[in-house]
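Asks: First the structure, which I've put down as structure tokens, then a few questions once you've had a look.
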Amino acid sequence: MHKYWKKAVAFGITVALWGSSLLPVSAMDEIWHTSEITPGMSGTAYTVVDNSGAIQDFAVDIVGTVENGKGSTPMIMAKASGPVVEAAGGILQGMSGSPVYVDGKLVGAVAMGLKDMTPYTFFITPIEEMLPLWSMPDTKNKTHIQTFDLKKYAADKEKEKQEAEEKEKKDAEKASDDKKDDADKTAEETAEEQREEAKEEVEEAERVHREEAFEDIIAAAIADAPQSADVTAFSKIHVPAPTYVPKGKLFATGFNAESLAFLGKTLGFRDATQLSALGGADDNATRYDAELQPGSAVGVAIVCGDFTVGATGTVTATDGNRILAFGHPFLHKGNVNYFMTDASIVGTIAGASNGMKIANVGNIIGRINQDRETGIAGTIGEFPSVVPMKLHVKDEALGREQSYAVRIAYDEDYLPQLAAGLAYAALSKTSDTLGESTATLGFKIRTNAAAGGTFERKNMFYNTTDVGQVAVGELMQAVGTVCADTTKEADIIDVQVDATIQGGRQTATLLSAIPEKTTVRPGETVNIKTTIQPYRKDKETLTIPFTVPKAQRDGLMNLDVRGGGMVPVSPLLLLQQTTGIAIQADDEKTQTTEGKLKALGEAGRNNEIIIAPGAAAQPLSEKEQKRVLRETKAAAERAAAEAKQHPKKIELLKDEKKAQPEGQAKFETNYIIDNVIHTALHVDHKAK
């Protein structure tokens, strides 16, 4: 029943509601202006403090107004008292946003406290400083994929159902004996079945529509002429520390300690904004009949699903389906596109400056679109554009397999880091080790930024400790490339990750690469026998065909034989090494996003052997060229003689039909190749 609705949320569609599920409308309360607040006023604050979900109140005494300088938000200093706040141990994290009323008029939101000071004294963000959040520009949540008019479709289907119901009723009256079982059903059960059938029909219609729309987008993207653009490098987001200590904390659930630390590091949340594994999450289902009121618990999240990253607080004010909450920033990102959730309070933990309400981020109920200094704002019943992500991890040593599914709120600043952090969390939790291991990680990104609509990459990684942190780097790079497009905002439909972990070290060292013949013609293919030494295993000899470029000039041709992860030495790199000056190639400056993705997809993989022309540090003299060729020929003769005396098993290319480009040969192995060796050919267009 929920299958379609989860999908609808994932694509950021505002869903029409049936019958009694229409959202309630509540008017905005009267407010106090900050200039009207005077010391000695007494009022009441409202919040939820236990798992009953009941909104409870405590007394508030106004101390005075604190001016923070020109252009800053004034704050109202107050003291809390009463059984509720005393039982909780003071104003706690999670109470932020709790509305404060004096004489029935709204003053503002409980927001901040002084570090290491009494938890009963706190600061209120004035409501008049929060109200502008509702009128600020909202340019997020945009998608180039055409949305499906569910409202009209649902209305049409509802009309059809009503007509069918009337007809069925008349038929039932004429043939009641034949439909006795149906007549026994209550009206509510019948209505529920009809609603479910309607939703299933909507699901199928919308699925077809979305797939067709995506195909149109890809076709249009391929048809457009590529535009050149510089790519702005991503920088980590650092949240500035506020003057006071916000009564809130960023919670993450589903993570272990290592993946939580990794996520905090990649996002830059090591200082002012803290990540905590406390709290929990429900299944993050979507509710369309949610109702919030001042004092209700509310959540905001950037990731929902088997892993959740977000925070909980309290609703300050409502106006129809719009809400204001927190009284301080979540991540202070301005115009945003985040999940709004309901929240359930588990209980409270007292502390001098870090007491908190333990809460579960619950069902998705709407979208947060403003994240500002004075609080957060959003709308119930509207949903964010998101990127669904599925992860599958297999640990061969443990014989363990696990799948995970999440939805990431579409935020280009955080999406690359979140995708990598979630992949690492899946790897870390499944493998349950920080020891030496090898991982093979493949991923697929459906996006109109890539040729054909899909970007895929697979690679093998090894590390002495915690290989997961190394393995997710290319995923972060690929998502970051899409998000960094300076010409347009690209659509990312979804991300799929498939990883396998092997215990121990799966590496090999290149020992020799000897061509079967040393003198070749341009365009000729020559077999190069390459010997590798796997870690603590027997040597293996591979036969790798290499085709000389047809345009290759006569003379010595130096070849690098290297692991795919080893950076080839180019003339530009040599110039950088000799001059010490960092130089960027012109084609890198003008390369399109599609071009960058293509380059990443075609880059050598760590478990490949690549044979390609090498760049000599300096030109060789004719005498030196002859010496290199003599040594190469002698090595080939020794190898041939040894092969006759001690035959070895020869492994051919796995796919002999696979076309290899001129001037480069790639051979996939089961090991990470960790070095570079060299060989040479003598090119002579007159050779036989």
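The values are calculated or read from the model by the stated rules, or taken from the named source; none is laboratory data. Since we're looking at a predicted model, the values are computed, not measured. Neighbour counts run over all protein chains shown; Cβ positions are idealised from the backbone, glycine included. Accessible surface is based on the protein model in full, side chains and every heavy atom, while ligands, DNA and RNA are left aside. Shrake-Rupley method; radii C 1.70, N 1.55, O 1.52, S 1.80 Å.
Asks: Scan segment 364-384 residue by residue and report those that are in a strand (DSSP E or B) and either farther than 25 Å from SER72 by Cβ or free of Cβ contacts under 8 Å to residues at least 40 places away in the same chain (or both).
Replies: Kept after step one, since they are in a strand (DSSP E or B), are these residues of segment 364-384: 364-372, 375-380.
Answer for segment 364-384, where residues must be in a strand (DSSP E or B) and either farther than 25 Å from SER72 by Cβ or free of Cβ contacts under 8 Å to residues at least 40 places away in the same chain (or both): ILE364, ILE365, GLY366, ARG367, THR379, ILE380.
Asks: Which of the residues belonging to segment 436-454 are of a type outside the set (S, T, N, Q) and either in contact with a Phe, Trp or Tyr (Cβ under 9 Å, 6 or more places away or on another chain) or within 17 Å of LEU391 (Cα to Cα) (or both)?
Replies: Applying the first criterion (of a type outside the set (S, T, N, Q)) to segment 436-454 yields 436, 439, 441-446, 449-453.
The answer is GLU436, ALA439, LEU441, GLY442, PHE443, LYS444, ILE445, ARG446, ALA449, GLY453.
Asks: State which residue pairs qualify: first residue free of Cβ contacts under 8 Å to residues at least 60 places away in the same chain and inside segment 321-343, second residue of a type in the set (S, T, N, Q) and open to solvent by 20 Å² or more (accessible area, probe 1.4 Å) in any location, beta carbons under 9 Å apart, and separation of 6 or more residues or different chains.
Replies: Pairs that qualify, where the first residue is free of Cβ contacts under 8 Å to residues at least 60 places away in the same chain and the partner is of a type in the set (S, T, N, Q) and open to solvent by 20 Å² or more (accessible area, probe 1.4 Å), are ILE323/THR379; MET340/THR379; THR341/ASN363; ASP342/ASN363; ALA343/ASN360.
Yes or no, residue by residue, for (1) farther than 19 Å from GLY108 by Cα; (2) open to solvent by less than 20 Å² (accessible area, probe 1.4 Å); (3) among the basic types (Lys, Arg):
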position	(1), (2), (3)
VAL48	no, yes, no
ILE55	no, no, no
PHE58	no, yes, no
VAL63	no, no, no
VAL66	no, no, no
THR73	no, yes, no
ALA78	no, yes, no
GLU86	yes, no, no
ILE91	no, yes, no
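Asks: Might you check whether a residue that is at negative phi and within 39 Å of the chain's Cα centre (by Cα) occurs anywhere in segment 76-83?
Replies: Quick first cut of segment 76-83, residues at negative phi only: 76-81, 83.
If we keep only those that are within 39 Å of the chain's Cα centre (by Cα) as well, we get 76.
Yes, segment 76-83 has at least one match.
Asks: If you check GLY375 against the conditions, is it in contact with a Gly (Cβ under 8 Å, 6 or more places away or on another chain) and modelled with pLDDT of 95 or more? It would help to see each step written out before you state the result.
Replies: Numbers: in contact with a Gly (Cβ under 8 Å, 6 or more places away or on another chain): yes; modelled with pLDDT of 95 or more: yes.
Yes.
Asks: Do the conditions hold for VAL361, that is, is it surrounded by fewer than 21 Cβ atoms within 10 Å (Cβ to Cβ), part of a strand (DSSP E or B) and aliphatic (A, V, I, L, M)?
Replies: The answer is no for VAL361.
Asks: Here's a follow-up. Considering only residues that are out of contact with any helix residue (DSSP H, G or I) (no Cβ under 8 Å at 6 or more places or on another chain), over 16 Å from THR286 (Cβ atoms), surrounded by 24 or more Cβ atoms within 10 Å (Cβ to Cβ) and not aliphatic (A, V, I, L, M), which ones fall in segment 300-325?
Replies: Once the filter is applied, which keeps residues that are out of contact with any helix residue (DSSP H, G or I) (no Cβ under 8 Å at 6 or more places or on another chain), over 16 Å from THR286 (Cβ atoms), surrounded by 24 or more Cβ atoms within 10 Å (Cβ to Cβ) and not aliphatic (A, V, I, L, M), segment 300-325 yields THR312, GLY313, THR314.
Asks: Is there a residue being among the hydroxyl-bearing types (Ser, Thr, Tyr), over 18 Å from MET112 (Cα atoms) and open to solvent by 10 Å² or more (accessible area, probe 1.4 Å) anywhere in segment 326-339?
Replies: Initial filter on segment 326-339 (among the hydroxyl-bearing types (Ser, Thr, Tyr)): 338.
After this cut, where a residue has to be over 18 Å from MET112 (Cα atoms) as well, the list is 338.
Narrowing the set further to residues that are open to solvent by 10 Å² or more (accessible area, probe 1.4 Å) leaves none.
The answer is no; no qualifying residue exists.
Asks: I'd like to verify a number: residues in segment 386-424 that are surrounded by fewer than 20 Cβ atoms within 10 Å (Cβ to Cβ), aliphatic (A, V, I, L, M) and closer than 22 Å to ALA301 by Cβ, how many? Can you show your working first?
Replies: Going residue by residue through segment 386-424, those that are surrounded by fewer than 20 Cβ atoms within 10 Å (Cβ to Cβ) are 390, 392, 394, 396-403, 405, 412-413.
Filter again for aliphatic (A, V, I, L, M), leaving 397-398, 405.
If we keep only those that are closer than 22 Å to ALA301 by Cβ as well, we get 405.
So the count comes out to 1.
Asks: Here is a further query. Would you be able to tell me the number of residues in segment 95-118 that are surrounded by 24 or more Cβ atoms within 10 Å (Cβ to Cβ) and out of contact with any helix residue (DSSP H, G or I) (no Cβ under 7 Å at 6 or more places or on another chain)?
Replies: Here the count works out to 9.
Asks: Anything in segment 348-358 that is of a type outside the set (A, V, I, L, M, F, W, C) and either open to solvent by 20 Å² or more (accessible area, probe 1.4 Å) or outside any strand (DSSP E or B) (or both)? List them, or say none. Give the steps one after another, and end with the answer.
Replies: If we filter segment 348-358 for residues that are of a type outside the set (A, V, I, L, M, F, W, C), which is where we start, we get 348, 351, 353-355, 357.
THR348, GLY351, SER353, ASN354, GLY355 - these are the residues of segment 348-358 that are of a type outside the set (A, V, I, L, M, F, W, C) and either open to solvent by 20 Å² or more (accessible area, probe 1.4 Å) or outside any strand (DSSP E or B) (or both).
Asks: Restricting the search to segment 34-73, which residues are part of a loop (DSSP other than H, G, I, E, B) and small (Gly, Ala, Ser)?
Replies: Residues of segment 34-73 that are part of a loop (DSSP other than H, G, I, E, B), as a first pass: 37-41, 49-54, 67-73.
Result: GLY40, SER52, GLY53, ALA54, GLY69, GLY71, SER72.
Asks: Condition check: more than 19 Å from LEU263 (Cβ to Cβ) and modelled with pLDDT of 95 or more. Does SER428 satisfy that?
Replies: Working: more than 19 Å from LEU263 (Cβ to Cβ): no; modelled with pLDDT of 95 or more: yes.
Considered against the rule, which asks whether it is more than 19 Å from LEU263 (Cβ to Cβ) and modelled with pLDDT of 95 or more, SER428 comes out as no.
Asks: Filter segment 649-679 down to the residues that are over 29 Å from ASN463 (Cβ atoms) and open to solvent by less than 60 Å² (accessible area, probe 1.4 Å), then identify the one that is modelled with the lowest pLDDT.
Replies: Per the stated criteria, the residue is GLN660.
Asks: Does segment 107-121 contain at least one residue that is touching a Leu at 6+ places or on another chain (Cβ under 8 Å), at pLDDT below 95, more than 20 Å from ASP319 (Cβ to Cβ) and not hydroxyl-bearing (Ser, Thr, Tyr)? First the steps, then the outcome.
Replies: Taking segment 107-121 and keeping what is touching a Leu at 6+ places or on another chain (Cβ under 8 Å), we get 109, 119, 121.
Checking which are at pLDDT below 95 leaves us with 119, 121.
If we keep only those that are more than 20 Å from ASP319 (Cβ to Cβ) too, we end up with 119, 121.
Now drop any that are not not hydroxyl-bearing (Ser, Thr, Tyr), which leaves 119.
Looking through segment 107-121, at least one residue is touching a Leu at 6+ places or on another chain (Cβ under 8 Å), at pLDDT below 95, more than 20 Å from ASP319 (Cβ to Cβ) and not hydroxyl-bearing (Ser, Thr, Tyr).
Asks: Still on this structure, I have one more. Condition first: over 11 Å from the mean Cα position of the chain (by Cα) and outside any helix (DSSP H, G or I). Now tell me which residues in segment 405-431 satisfy that.
Replies: ALA405
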